[in-house]
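For reference, the structure discussed in these notes is given below.
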Amino acid sequence: MNKIAVIGKVFVDIKGTSFAPLHKDAKNVGDITFSNGGTGRNVAQNLAVLGNDVRFISTVTNDQIGVGVLEELKSYGANVDHVEMLEDHGMGMWLAVMDNEGDLQTSISKQPDAKLLEEAILRQSVYALDGVDAVAIDLDLSVTVLERLIHICRKMELPLYGVCGHLSVIERNRHLLQGFTGFICSREEAEILSDLSIVTVEDAIHVANELAKKGAPFTVVTMSELGAVYVDRRTATSGHVGTKKVKVVDSTGAGDSFFSAVLSELTESKRAEEALQLGMKVAAQVIASTENGLIPEMLETLR
């Protein structure tokens, strides 16, 4: 069983989905749901459901909602011993507005207390990273924390994989990607980071290669209905994996689930193509559901 440490934030997601096409100047009738989210939390859930030994490093607020987050993760098999409980602002809130086809139209994010979260991450990482096979981190953390974790992973010779919860930190500090083993991003994120346009699969491979030259040697770019591409400069290989079209119910968490499945397979020493294929299958399951991530009931259709 792979031992993977996951570092990132916890959010409570409030999602409103319109029953009809959205109108910004009128009331939109629809459904509103509450669920546990956050890139770090989502990845921890996905990896645990896929059968990995997961250690989650984060903070939650010491209230019923925070306790509920931890209980849910434990029910999926994740280790939450390294999640610290804060009296206030231990986790964030994410308000999302979805159209009638399940696509995200706009959102508002209330962040957890950055200083307390990052202090907890650095404190817990001293213990939680011992004995793990790989580390996954949400890149929406401060430069100080990212640099510290890069240093720790280099010293411990641990593979370090980054996923974009939000692009702003990495966009301003692109050099940090040089400290990562692997980096997975969307087409839109890749275009911003490379200052290049992606229209075709060939474009995506070119951009992934440009990003890998200056950043993580293993770089993946996802392209929704066009699948995903990868470049691995360690083995001088690249490739494309397609995907089947699925009906979108809710696209929230799809990128996190793709990242999780790819990391799970790579930690098992699977080939990149196999890793991306599982990533596409997992993401398709999540997109076709109202879940933020993979749940055990979805496993039967994956293998």
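The values are calculated or read from the model by the stated rules, or taken from the named source; none is laboratory data. Everything numeric in this text was worked out from a predicted model, so none of it was measured. Glycine gets a Cβ as well: all are built from the backbone with ideal geometry, and neighbour counts include every protein chain shown. All accessible areas refer to the heavy atoms of the entire protein, side chains included, with ligands and DNA or RNA removed. Shrake-Rupley method; radii C 1.70, N 1.55, O 1.52, S 1.80 Å.
For segment 202-240, enumerate the residues that are open to solvent by less than 60 Å² (accessible area, probe 1.4 Å), modelled with pLDDT of 95 or more and among the aliphatic types (A, V, I, L, M).
Ala204, Ile205, Val207, Ala208, Leu211, Ala212, Ala216, Val220, Val221, Ala228, Val229, Val231
Are there any pairs with C-beta distances below 6 angstrom linking a residue in segment 265-287 that is on the phi > 0 side of the Ramachandran plot and among the hydrophobic types (A, V, I, L, M, F, W, C) to a residue that is buried (at least 22 other Cβ atoms within 10 Å of the Cβ) and assigned to a helix (DSSP H, G or I), with the two at least 6 apart or on different chains, and if so which?
Pairs that qualify, where the first residue is on the phi > 0 side of the Ramachandran plot and among the hydrophobic types (A, V, I, L, M, F, W, C) and the partner is buried (at least 22 other Cβ atoms within 10 Å of the Cβ) and assigned to a helix (DSSP H, G or I): there are none.
Anything in segment 1-60 that is among the basic types (Lys, Arg) and within 18 Å of Met93 (Cα to Cα)? List them, or say none. Can you show your working first?
Filtering segment 1-60 down to residues among the basic types (Lys, Arg) leaves 3, 9, 15, 24, 27, 41, 55.
Answer for segment 1-60, where residues must be among the basic types (Lys, Arg) and within 18 Å of Met93 (Cα to Cα): Lys9, Lys15, Arg41.
Answer with yes or no whether Lys244 is charged (D, E, K, R), in a loop (DSSP other than H, G, I, E, B) and under 22 Å from Val54 (Cβ atoms).
Values: charged (D, E, K, R): yes; in a loop (DSSP other than H, G, I, E, B): yes; under 22 Å from Val54 (Cβ atoms): no.
It is false that Lys244 is charged (D, E, K, R), in a loop (DSSP other than H, G, I, E, B) and under 22 Å from Val54 (Cβ atoms).
Among the residues of segment 45-63, is any surrounded by fewer than 16 Cβ atoms within 10 Å (Cβ to Cβ) and either in a strand (DSSP E or B) or more than 18 Å from the chain's Cα centre (by Cα) (or both)?
Yes, segment 45-63 contains a residue that is surrounded by fewer than 16 Cβ atoms within 10 Å (Cβ to Cβ) and either in a strand (DSSP E or B) or more than 18 Å from the chain's Cα centre (by Cα) (or both).
Got at least one residue in segment 144-167 being closer than 30 Å to Ser251 by Cβ, open to solvent by 80 Å² or more (accessible area, probe 1.4 Å) and under 17 Å from the mean Cα position of the chain (by Cα)?
yes
Show the residue pairs that are 6+ apart or on different chains and have beta-carbon atoms under 7 Å apart, the first residue being within segment 19-39 and on the phi > 0 side of the Ramachandran plot and open to solvent by less than 100 Å² (accessible area, probe 1.4 Å), the second being at pLDDT below 90 and not in a strand (DSSP E or B).
Sorted first by the residue in segment 19-39, then by its partner, the list stays empty.
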